[in-house]
Amino acid sequence: ASHLWDWSLEPNSSLYYTQHALEPLHPQFDYAKNTVSVINDYYQPFSNLNVIAEVYDMSGRKVWQHESGKFNIGEDAVCNDLFKIDFPAGITQVHYIKLRLLDDHGKQVGSSFYLRSKDKYEGKNTMTGPTTSGFQNLNELPSVKLKTRMKTYVKDDRRYIEVDVKNNGSVVALFTQLQVLGDDGKPVRPSFYTDNYFSLLPGESKHVVIDTAVRDIHGSNSLVVKGWNVTRQSSKID
């Protein structure tokens, strides 16, 4: 648990990456084979699912897209290697993969987001390959300012903050973090976020609900939005 929360009950990024990886219906990319598979952890089958795969270069430009077409998956089953991602020859050193799993009504029921580099895996006992090395160019990402809206309310001795964050820029907003701070500048703990440390493609938005017990709120609070290349913003919480 120490890898998911720190000693003060502040959630770490690994909590949310684990949360996404363990969603019951999940599209997954295989770095070794460059293929896309779908995992179903429900004890029921699903019909007419569809996976949309998109590849973006580091500037945020979409350079490849493919749909799996309709397929069925059994209960507690895996559909392996539905299709292969063909990365363009001239793609940037660092790039992004977005997978969206849609149900038979076209509603998104699962998703995943990956960073990948063009580095080759050089064998065991090395720190090489598309998941591990070659990401230095991320230091050159332009900054992006996100559009944020929030509303708050209290119910059953808990305060809820609903936050909508949107990337209106032209580059990907990497590892966006929301954080509720007290008037002492320290995080209000424990606070529970439905999602955090997420990345937003150009034009993409995210709805997050933050839940804190009223008894843990002392003085004034602010909501901070920040990230790898996200311009820090701070808004007073009413």
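The values are calculated or read from the model by the stated rules, or taken from the named source; none is laboratory data. Nothing here was measured: the structure is a model prediction, and the numbers come from that model. Using ideal geometry, Cβ is built from the backbone for each residue, glycine included, and neighbour counts are taken over all protein chains shown. Surface areas here come from the heavy atoms of the whole protein model, side chains and all, with no ligands, DNA or RNA. Shrake-Rupley method; radii C 1.70, N 1.55, O 1.52, S 1.80 Å.
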Rg and Dmax [Cα atoms of segment 99-238; Å; Rg one decimal, Dmax integer]: 18.2, 56
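Let me know the Kirkwood hydrodynamic radius for segment 1-85, please, with Cα pairs as the basis and the value in Å to one decimal.
On the way: mean 1/r = 0.0671 Å⁻¹.
Result for segment 1-85, one decimal place: 14.9 Å.
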What's the percent breakdown of Cα-Cα distances in segment 73-167 across 10 Å bins, shortest bin first? 10, 24, 28, 25, 11, 2
Over segment 113-171: Kirkwood hydrodynamic radius from C-alpha pairwise inverse distances, Å: 15.5 Å
Cα centroid of segment 224-238 to Cα centroid of segment 1-43, whole Å: 25 Å
Amide H partners (placed H, <5 Å) of residue 188, local residues excluded: 180, 181, 182
Provide Rg and Dmax in Å for the chain, with only Cα atoms included in the calculation. 19.5, 56
Divide by every residue of the chain the summed helix terms, -39500 (n - 2.57) for each DSSP H run of at least 4, and state the resulting mean residue ellipticity at 222 nm, rounded to the nearest 500 deg cm²/dmol. -1000 deg cm²/dmol
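Could you pull out the trypsin sites (Lys or Arg not before Pro) across segment 1-102 that fall in loop regions by DSSP (anything but H, G, I, E, B) with no more than 16 other Cβ atoms inside 10 Å? Don't skip to the end; give the middle numbers.
Details: sites: 33, 61, 62, 70, 84, 98, 100; in loops: 33, 61, 70.
Filter output for segment 1-102: 33, 61, 70.
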Calculate I(q)/I(0) for segment 35-101 by the Debye formula, one identical point scatterer on each C-alpha and no solvent, and give its log10 at q = 0.27, 0.28 Å⁻¹ to two decimals. -1.14, -1.19
Pick from 54, 67, 75: which residue has the top mean-square fluctuation in a GNM of the chain where Cα pairs under 10 Å get a spring? 75
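Given a 1.4 Å probe, how much area per residue of segment 1-103 is accessible, in Å²?
Details: 5290 Å² over 103 residues.
It amounts to 51 Å² per residue over segment 1-103.
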Give me log10 I(q)/I(0) at q = 0.25 Å⁻¹ for segment 190-238, Debye formula, one equal scatterer per alpha-carbon, no solvent. -1.18
Give the separation of the Cα centroids, segment 170-198 to segment 117-148, in Å. 23 Å
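So which trypsin sites (Lys or Arg not before Pro) in segment 123-222 pass both tests, a DSSP loop state and at most 10 other Cβ atoms within 10 Å of the Cβ?
On the way: sites: 124, 145, 147, 149, 151, 155, 158, 159, 166, 206, 215; in loops: 124, 145.
Those satisfying the criteria are 124.
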